[in-house]
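Presented below is the structure to which this report refers.
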Amino acid sequence: MSHAAASPRGEGSAAEEMQLISDPRLQAAVAFFNAGDWYACHDGFEELWHETQGPMRPVLQGLLQIAVAELHQERGNRHGATVLMGEGLGRLQGCGAVALGLCLDSLRRSAGNRLRALQAQLSLADLPLPRLEDPGAGHR
């Protein structure tokens, strides 16, 4: 990244986000997430999270924690699922509606519904798994 001139506020953030969006590892992690392959997607998000130091770091951590929450749920660790789902949602609360080319609003809605069911000790069977959607794809 060039530091030849002083950057206006937010330019570094946009550059970091564009770099991540073009990284094939992010695309693979998103595909694993949407396929419900929580372990593989965790590996992808974690690698990127460790390498990211800017404003996209909490977004990656939130996605990572939601994936690990689903992995815990899949393995019968309801307590771990509840804690990590809450932490993941907390990380994403301060983020905008869209980050990394993904609709965070729809993710927060579905993960929030699952968190409330976990907290109330209700079944998650009728609740859709969280998905990472392209905001331009017309999903609502």
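The numbers here are math on the coordinates, done by the rules we state, and not lab data. Everything quoted here is computed from the prediction, not taken from an experiment. Methodologically, a virtual Cβ is constructed for each residue, glycine included, from the backbone with ideal geometry; neighbour enumeration extends over all protein chains shown.
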query: What tally of residues in segment 81-131 results from selecting those that are within 18 Å of HIS42 (Cβ to Cβ), in contact with an Asp or Glu (Cβ under 9 Å, 6 or more places away or on another chain) and in a loop (DSSP other than H, G, I, E, B)?
result: 3
- prompt: Taking segment 116-140 as the search range and keeping residues that are surrounded by 14 or more Cβ atoms within 10 Å (Cβ to Cβ) and either among the aromatic types (Phe, Trp, Tyr) or free of Cβ contacts under 8 Å to residues at least 40 places away in the same chain (or both), which one is farthest from ALA69 (Cα to Cα)?
  reply: PRO135
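So, in segment 15-63, exactly how many residues are of a type in the set (Lys, Arg) and either touching a strand residue (DSSP E or B) at 6+ places or on another chain (Cβ under 7 Å) or more than 17 Å from ALA97 (Cα to Cα) (or both)?
Residues of segment 15-63 of a type in the set (Lys, Arg): 25, 57.
The next check asks that each one be either touching a strand residue (DSSP E or B) at 6+ places or on another chain (Cβ under 7 Å) or more than 17 Å from ALA97 (Cα to Cα) (or both); those that pass are 25.
Summing the residues that are of a type in the set (Lys, Arg) and either touching a strand residue (DSSP E or B) at 6+ places or on another chain (Cβ under 7 Å) or more than 17 Å from ALA97 (Cα to Cα) (or both) in segment 15-63 gives 1.
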- prompt: Filter segment 78-104 for residues that are without any contact (Cβ under 8 Å) to a residue 24 or more places away in the chain and over 11 Å from GLY62 (Cβ atoms); which is surrounded by the most Cβ atoms within 10 Å (Cβ to Cβ)?
  reply: VAL83
